[in-house]
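The values are calculated or read from the model by the stated rules, or taken from the named source; none is laboratory data. It should be emphasised that the depicted structure is a prediction, and the values quoted were computed from it without experimental measurement. Cβ coordinates were reconstructed from backbone atoms using ideal geometry, including for glycine residues, and neighbour counts include every protein chain displayed. The protein model used for the area step is the full one, side chains on, heavy atoms only, and it has no ligands, DNA or RNA in it. Shrake-Rupley method; radii C 1.70, N 1.55, O 1.52, S 1.80 Å.
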Amino acid sequence: MQDPKPATTGTLAIENDAPLRRHNSFGLPATARRLVRITGDADVRRVLAHPELGRAPKFVLGGGSNVILTRDMPELVLKVEVRGLRLVNETDEAVIVEAGAGEAWHDLVAWTLDHGWPGLENLALIPGTVGAAPVQNIGAYGLELADRFESLDTVDLVTGRTVTLNRAQCRFGYRESLFKGALAGKSVITRVRVRLPRPWQPVLGYLDLERKMAETGNHAPDARTVFDWVCAIRRAKLPDPAEIGNVGSFFKNPLVSAEQCRDIITRDPHVVHYPMADGQFKLAAGWLIDACGWKGKVIGHAGVYEKQALVLVNKGGAIGSEVVTLARAIQESVYGRFGIRLEPEPVIV
Ligand code: EPU
């Protein structure tokens, strides 16, 4: 379906009743009463200076890979489409590169590798945009964005000022940041800079990568090999949103106390758990959901992926409320059996 023809105000293109199905990776139907594409900081300032749009409540949408839309959007949707990939600085200690928030995250990973600047390979194939990456501090295979983060630029949605924030200021945590907390809905990330330390050190501690090393007999893979392995591992167990609508992991892996973990192990000796530095344990939410028998189950048009119970999928024609119903049913059964409340990873609107 074609987006409706935009009405133009100065250089600001406003789309009315814009369909969002193609702008969210779960493929959920919803309409934005008004949508504006943001191609640079100046576009945000134009929106703020606009007589009507300036005061309208706003919703910032990146690649839509971490959002569940359950309703039409009366808010003004700002679709972030800031482009550009560039080298900022190259020294003996590190390479710093900058990407526009609207670039696809995976394109940044591939581009850095093509230029001989490794360091992001464990984060290959994560769907979504560069601008969404810091919001939930994306992570996979033993690495998270915070480990490679330098700084970002964000435009304040009240003052229109561009502010640069460093790693400490972004308050990164496990799938958390300032942008899910105090700054939620208050600013638009327009550019992100990553720091790729030199000399390159591979991150190979994750079980799936250890298995690849054992399988191939290659215990000193180069960055391109790690990239290929990560792509192969992801393709084998995670659905491609271009083919099956999804938002990756639907729940965070829960943290429990050592006592709670021992208690669960007594009842379920196979529970997958990882010790954390602070004495707590992280449990594999996928395992807990799987243990409750959810793999492959369907409610309405939403289902649990057959190969990875942590991923909910669009079985075709799903609406947001069906996804939420399925998610609640999963939360209830995991709580009933293990006494653990699973927390959704995506933003539910
Ligand atoms: N497991 C099951 N059954 C399942 C799913 C998983 O028994 O249906 C077990 C697996 O066998 C494994 C453990 O649970 O022992 C963990 O599974 P996996 O290694 O696939 O990782 P995950 O904890 O499910 C996390 C991230 C992923 C990331 C992978 C790899 C979260 C919420 N998810 O998944 O991130 O790709 O590790 O690092 O932290 C995302 O955030 O969207 C995402 C895909």
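Quick notes
- Test result for residue 235, within 14 Å of the ligand (Cβ to nearest atom) and open to solvent by 20 Å² or more (accessible area, probe 1.4 Å): yes
- All strands (runs of 3 or more DSSP E) inside segment 34-107 with 2 or more residues being under 30 Å from residue 322 (Cβ atoms) and in contact with a Lys or Arg (Cβ under 6 Å, 6 or more places away or on another chain): 73-80
- Among the candidates 132, 184, residue that is small (Gly, Ala, Ser), assigned to a loop (DSSP other than H, G, I, E, B) and either without any contact (Cβ under 8 Å) to a residue 12 or more places away in the chain or in contact with a helix residue (DSSP H, G or I) (Cβ under 7 Å, 6 or more places away or on another chain) (or both): 184
- Within segment 254-276, the only residue that satisfies the criterion of being more than 13 Å from the ligand (Cβ to nearest atom), part of a loop (DSSP other than H, G, I, E, B) and in contact (Cβ under 8 Å) with a residue 24 or more places away in the chain is 257.
- Residue within segment 211-223 that is among the basic types (Lys, Arg) and more than 14 Å from the ligand (Cβ to nearest atom) present: no
- Matching option when the condition is away from the ligand (no atom under 14 Å from the Cβ) and modelled with pLDDT of 95 or more, among 336, 303: 336
- So residue 12, is it at pLDDT 95 or above and surrounded by 15 or more Cβ atoms within 10 Å (Cβ to Cβ): no
- Applying the condition of being loosely packed, with under 13 Cβ neighbours inside 10 Å and farther than 13 Å from residue 329 by Cα to segment 277-299 and asking which residue is nearest to the ligand (Cβ to nearest atom) yields 296.
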